[in-house]
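Inspection log for the structure reproduced underneath, given as structure tokens.
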Amino acid sequence: MSDDSGRSVSESLPMQALLLDLDGTILDTARDLMTAVNRTLVEVDRQPVSEAQVRSWIGDGVRALVHSALDATGGHKEGMLEEAHERFMVHYGECFAEESAPYPGVLDVLERAREARVPSAVITNKAAAFTEPLLEATGLRPYLAVVVSGDTVANKKPDPEPVRHALKQTGAEAERSVLVGDSANDVNAGLAAGCQVVCVTYGYNRGADVYRLGADRVVEEFTAVWDFIKPEGSLAGSA
């Protein structure tokens, strides 16, 4: 099989698959998450929290986010977490796409991947009830061959299971695929699955030094991801 230039499709691929974290990597979602958190806190007679606090809690899924918000505002009694989690789901469902938007360069890279016939996939710890609508609302869904949410498989990142699931769905080999993320969860999941890993500096990294997380490359802007990829499917400059 060849493309219009006569080259085989496999020869034109800069990698076999591009695997992407969602929150903090390709989408800035913190302000909408903060809105839902604070609406929830008001209902349980708590003070609102800041965007910086919410950014430091993102990454382990909605339940963990609500748990962190309650802990930061006075803790919680038996049953309160369940109630707050349910209320958060309602509030986030009302505001999840009000201010969330792709980071600069994301659409450009996804378009390049599509032109190169490289399947792109999102792997997130966010529940599917929000993942799919959010991707549709922000215009990213048409670029994605696979979406793995926090409840798609049994385990979430940093477990490698969701990464392996995405690889299986795309038919890609781990060692010839690149995972891009913003936190230790992403780096650990990608490396454990056998992928090459790129970490962005601007995301929700919980205060960690991303240069020390073990990623193959660290970039300050998303467009730089494409600069590190060779046609044979390895990161430029890797041994």
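Tabulated results
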item: Dipole magnitude of the chain, debye to nearest 20 (Cβ charges: Lys/Arg +1, Asp/Glu -1, about Cα centre); result: 380
item: Angle between the chain longest axis and helix 161-170 axis [Cα atoms, degrees, rounded to 10]; result: 40
item: Cα long-axis angle, helix 30-43 against the chain (0 to 90 degrees, to the nearest 10); result: 20
item: With Cα atoms, 0 to 90° folded angle of helix 80-95 axis to the chain main axis; result: 60
item: Sites TYR211 and VAL42, calculated FRET efficiency, Cβ-Cβ separation with R0 35 Å, nearest 0.05; result: 0.35
item: Inter-probe distance in nm under a simple model that places probes 7 Å from Cα toward Cβ, at ASP227 and GLU115; result: 1.8
item: At R0 = 22 Å, FRET efficiency that the Cβ-Cβ distance of GLN169 and ALA128 yields, to 0.05; result: 0.95
item: Zone of VAL153's modelled label, taken as backbone nitrogen in segment 98-123 under 16 Å from a point 7 Å along Cα→Cβ; result: 121-123
item: Count of Lys pairs (Cα-Cα under 17 Å; at least 8 positions apart or interchain) in the chain; result: 4
item: Distance between modelled label sites at GLU82 and ASP108, nm, 7 Å Cα→Cβ extension; result: 5.0
item: Value of relative contact order over the chain, rounded to a whole percent, pairs C-alpha under 8 Å and six or more apart; result: 26
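All of the numbers you see were taken from the coordinates with simple rules; none came from a lab. A quick note: this is a predicted structure, and the numbers were derived from the prediction, not measured. Cβ atoms come from the backbone with ideal geometry, glycine included; neighbour counts cover every protein chain shown.
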